[in-house]
Every structure is written in structure tokens, then in C-alpha cells.
Amino acid sequence: MKRQLFILISLLISVMSFSQESAVDPKAKALLEKAITTFESKKGVSADFTIKVENTRNEKQENYQGNVILKGEKFKLSLLDVDTYFDGKTQCVWMKKENEVTISNPEADDLKEINPILLMKSCKTDYKMRYLGLEKVGNKMMEKVELYPNDLGSKYSMITLFMSKDDLQLNTITLKGKNGIITYFQLNKVEYVKDLADDLFVFDVKKNPKVEVVDLR
């Protein structure tokens, strides 16, 4: 599920249609870099979001509500009765119903599929991109950028980013998987929070003495 969370898409366009010279659209790259700079300038972010997962092969859809709190590379993700903590090195995944926490030191590729800012950073080097202009989403005008993986073996065929025209705040990420799964990640409410305590991103086993610990480090 996490492999699909923070990535989304709407159309399938062949990666091979891009020449080497047109692989990176300067306008798209500039917008992406500005969006990253804007995001990183904030001391902390709390965002409520909606995820829609659509299976185009059987026409089934699932919808989820969640929240993510970010401070640099640290984050706490709450989704489907599961809280995921990352303090910059160690990740703890607490499954509340099972009362079990799995502790690990995740790889960078795993983290960028959970933390949207890491995903956006990877897009600068791992994807071809092009700017598609302004598009109205709801009652707001959005800058639209499409990205295509350099790795033809990638499980995703395209990533689409929508960013607010006014402040380049990330609004929507869309990912289309080669397996027919399309995932839509929509930010519903974003708050910039100062002075987030570092222990917010750490699962405290001592405060949960009855939890079953699975340590994979």
C-alpha cells in the first residue's frame, strides 16, 4: 500500500517519445525546484489528505483519509489505523489493531514513496519532465507538470504534479502504475507548524509496554 501512497497519474504517454534534448523541460524543472524550496523553507508541515486507489482492470475503487506531519526528512504518517514514524534514521510502523510495531532502518527508495518532499527531490534526477501549463482544479489555478521515469523498468509510467499557481504549494500527486493501478493523492488541508518536537517522530516503546516489537535492524 505504501508503495502507492504519495504518487499518482492520469494518462499513459510513451517515455520513448522524448528526445535526449527535450528530456527535461526548463519550465517544469524551475517550477519543481521552486516548489521544493518553498516546502523546505517551512519549519514543519501538517497535512490532511485523501487517497483514491483505482484499479482500471476491474473498475474497483478504494478511498482513504490520513494525516502526515513533516519536519525535514522526519515524518509521522497516520493511515488505516497504522502510524509510521521516521526520526531521520529509524522507522517504526505501529499497527494498532494488532498492537505490533516493526522497527527498521529503511532504504532511501522506501522513504521517498512515503515522504512527498523526498519524492519531489528524486524527480529532479530520476525522471524526464515537461510543463503542461495552467489547469483549473476546483476553484484554483494549478501549475501542471508531468514526469516520466528514466528507468524503463519502473513500475510507474508517469507522475503528475499539480501545484498552486499562487504559492507553488503541492496540491495533488497522481501516479499511474503499469499494473493498471492509478493512485490519486489529494492534500485537503495544509498547516505550517513551528517548533515541532523531535520526539513526535519517534515511537516510544516504553509508553506502550504491551506492544509486540519486531526489530528488523
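The values are calculated or read from the model by the stated rules, or taken from the named source; none is laboratory data. Quick caveat, the model's predicted, so the values are computed rather than measured. As a convention, Cβ positions derive from the backbone with ideal geometry for all residues, glycine included, and neighbour counts pool all protein chains shown. Each accessible area value is taken on the protein alone, full model and side chains, heavy atoms only, with ligands, DNA and RNA left out. Shrake-Rupley method; radii C 1.70, N 1.55, O 1.52, S 1.80 Å.
Residues that are open to solvent by 50 Å² or more (accessible area, probe 1.4 Å), over 24 Å from Thr183 (Cα atoms) and touching a residue at least 40 places away in the same chain (Cβ under 8 Å) within the stretch 25-51 comprise Lys27, Lys34, Glu40, Lys42, Lys43, listed in sequence order. Within the stretch 52-63, the residues that satisfy the criterion of being touching a residue at least 60 places away in the same chain (Cβ under 8 Å), assigned to a strand (DSSP E or B) and of a type outside the set (S, T, N, Q) are Lys52, Val53, Glu54. How many residues, within the stretch 145-181, are open to solvent by 20 Å² or more (accessible area, probe 1.4 Å) and touching a Ser or Thr at 6+ places or on another chain (Cβ under 9 Å)? Final tally of qualifying residues: 9. Sort out which residues of the stretch 205-217 are open to solvent by less than 80 Å² (accessible area, probe 1.4 Å) and at pLDDT below 90, and write them in order of number. Across the stretch 205-217, the qualifying residues are Val205, Asn208.
For the stretch 52-91, enumerate the residues that are farther than 29 Å from Asp215 by Cβ and open to solvent by less than 20 Å² (accessible area, probe 1.4 Å).
Correct list: Val53 only.
Would you check if there is a residue in the stretch 189-199 being part of a strand (DSSP E or B) and either in contact with a Phe, Trp or Tyr (Cβ under 8 Å, 6 or more places away or on another chain) or surrounded by 14 or more Cβ atoms within 10 Å (Cβ to Cβ) (or both)? Break it down into steps so the answer makes sense when it comes.
Step one: list which residues in the stretch 189-199 are part of a strand (DSSP E or B), which gives 189-192.
From what's left, either in contact with a Phe, Trp or Tyr (Cβ under 8 Å, 6 or more places away or on another chain) or surrounded by 14 or more Cβ atoms within 10 Å (Cβ to Cβ) (or both): 190.
Yes, the conditions are met somewhere in the stretch 189-199.
Just checking, does the stretch 64-84 include any residue being more than 23 Å from Asp199 (Cα to Cα) and assigned to a strand (DSSP E or B)? Yes, the stretch 64-84 contains at least one residue that is more than 23 Å from Asp199 (Cα to Cα) and assigned to a strand (DSSP E or B). Met142 satisfies every condition listed in (1) in contact with a strand residue (DSSP E or B) (Cβ under 9 Å, 6 or more places away or on another chain); (2) among the aliphatic types (A, V, I, L, M); (3) open to solvent by 50 Å² or more (accessible area, probe 1.4 Å) except (3).
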